[in-house]
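The values are calculated or read from the model by the stated rules, or taken from the named source; none is laboratory data. Here the structure is a predicted model, which is why all the values come from computation and not from measurement. Glycine gets a Cβ as well: all are built from the backbone with ideal geometry, and neighbour counts include every protein chain shown. When the accessible area is computed, the model is the full protein with side chains, heavy atoms only, and any ligands, DNA or RNA have been set aside. Shrake-Rupley method; radii C 1.70, N 1.55, O 1.52, S 1.80 Å.
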Amino acid sequence: MDFIEVNGTALRYELAGAGARALVLIHEMGGTLESWDFVLPMLSAKRRVLRYDTRGAGLSEKVRGSLTIDTMVADLVALMDALGIAAKVGLAGTAVGGAVALHAAARFPQRIAAVAVSSPAVGIAADRRAAVLTRVERMEREGLRAVLDTLEGAYPSELRSDAQRFASFRARWLGGDPASFAAIYRMLAGMDLHDELPLIACPTLVIAGALDRTRPPQMVEPVARAIPGARFEVLQTGHYAAVQTPELFAAAINAFLDASGA
């Protein structure tokens with residue numbers, strides 16, 4: 001792992017694997033590059049894999065003030081440029097990471113070979129924004145432990161058979177920065193990517209988790225329908241598929257990338 005300054009921020013990243021093709025992994029809100037630990041060996045067997053702590057997460061520089069999805073995509077592109085990744089890449093992202101991946105595919109089609117997203121967060125419905133922003137204010141005031149119930153729907157009891165894995169995930173989530181969480185939530189509340197989804201021209205896989213109560217399949221399927229030729233799959237997993245069911249998730253990603261030649 002290493003650190004780099006790009007696009008006005010400091011990011012922690014890791015490059016692993018080998019091969020002519022490259023895959024970039026973009027984690028969820030509250031995640032870090034460790035979100036991909038369990039799937040990395042399977043995804044890097046025949047590809048170079050870049051994973052990083054996004055702006056505000058893990059050991060990357062934290063966010064103070066406002067944030068936009070354009071900035072997060074600019075971070076991604078600047079990181080690839082700095083590391084000499086010039087050829088088209090595959091992108092895989094979860095939740096907010098999925099939004100970054102989809103926005104990158106729409107904005108920079110010349111850089112993206114294929115996109116696989118799970119539970120993509122392309123915005124917050126108007127009727128939910130007030131409640132979400134109220135939780136954000138509580139998060140800023142009282143810390144992440146005050147909104148720990150977030151994990152009830154995103155990491156449900158059916159997926160906690162590995163108690164140690166869940167305990168580790170919970171502790172890592174609690175170690176996040178509340179101000180950066182808040183900035184990302186406000187970014188989501190102020191954006192809507194639906195209008196640009198039809199512009200995505202690369203092969204796209206959209207995954208929903210049958211056990212994801214935060215963003216269930218009926219919220220995810222319209223994203224797939226809006227992207228020309230996108231494939232939609234429902235897996236027996238939750239919001240954090242790469243942690244909860246890594247073998248299932250990696251198999252879906254690898255099969256899609258292989259079929260797409262990415």
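The figures follow:
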| item | result |
| --- | --- |
| Matching residues, region 3-23, being open to solvent by 70 Å² or more (accessible area, probe 1.4 Å), touching a Leu at 6+ places or on another chain (Cβ under 9 Å) and more than 21 Å from Val63 (Cβ to Cβ) | Leu15, Arg21 |
| Selection count where residues are in contact with a Cys (Cβ under 7 Å, 6 or more places away or on another chain) and of a type in the set (A, V, I, L, M, F, W, C), scope region 61-117 | 5 |
| For Leu79: the one exception among (1) in a helix (DSSP H, G or I); (2) touching a Gly at 6+ places or on another chain (Cβ under 8 Å) | (2) |
| Selection status of Glu28, open to solvent by 20 Å² or more (accessible area, probe 1.4 Å) and of a type in the set (Asp, Glu) | no |
| Residue list for region 203-222, filter: open to solvent by 40 Å² or more (accessible area, probe 1.4 Å) and touching a residue at least 40 places away in the same chain (Cβ under 8 Å) | Pro203, Arg213, Thr214 |
| Residues being farther than 22 Å from Glu137 by Cβ and either basic (Lys, Arg) or in contact with a strand residue (DSSP E or B) (Cβ under 6 Å, 6 or more places away or on another chain) (or both) - total across region 147-191 | 4 |
| Residue that is farthest from Leu25 (Cα to Cα), among those in region 85-105 that are open to solvent by less than 10 Å² (accessible area, probe 1.4 Å) and not in a helix (DSSP H, G or I) | Ile85 |
| Helices (runs of 4 or more DSSP H) wholly inside region 115-217 that include at least 3 residues being at pLDDT 95 or above and under 19 Å from Val73 (Cα atoms) | 178-189 |
| Residue count, region 223-238 (criterion: within 27 Å of Pro109 (Cα to Cα) and touching a residue at least 24 places away in the same chain (Cβ under 8 Å)) | 10 |
| Region 147-175, residues that are buried (at least 16 other Cβ atoms within 10 Å of the Cβ), of a type in the set (A, V, I, L, M, F, W, C) and under 17 Å from Pro246 (Cα atoms) | Ala154, Leu159, Phe166, Phe169 |
| Which listed residue is in contact (Cβ under 8 Å) with a residue 24 or more places away in the chain, more than 22 Å from Ala10 (Cα to Cα) and of a type in the set (Gly, Ala, Ser), from Ala78, Ala105 | Ala105 |
| Test result for Val49, within 22 Å of Ala105 (Cα to Cα), touching a His at 6+ places or on another chain (Cβ under 6 Å) and touching a residue at least 12 places away in the same chain (Cβ under 8 Å) | no |
| Checklist (1) buried (at least 19 other Cβ atoms within 10 Å of the Cβ); (2) within 29 Å of Ala259 (Cα to Cα); (3) in contact (Cβ under 8 Å) with a residue 40 or more places away in the chain applied to Gly58, failing item | (2) |
| Residue satisfying all of: in region 42-55; touching a strand residue (DSSP E or B) at 6+ places or on another chain (Cβ under 9 Å) and surrounded by fewer than 17 Cβ atoms within 10 Å (Cβ to Cβ); farthest from Gly90 (Cα to Cα) among these | Ala45 |
| Among residues of region 225-248, those that are buried (at least 21 other Cβ atoms within 10 Å of the Cβ), in a helix (DSSP H, G or I) and either in contact with a strand residue (DSSP E or B) (Cβ under 7 Å, 6 or more places away or on another chain) or among the small types (Gly, Ala, Ser) (or both), counted | 2 |
| The one condition in (1) over 15 Å from the mean Cα position of the chain (by Cα); (2) more than 19 Å from Gly176 (Cα to Cα); (3) open to solvent by less than 10 Å² (accessible area, probe 1.4 Å) that Phe108 fails to fulfil | (3) |
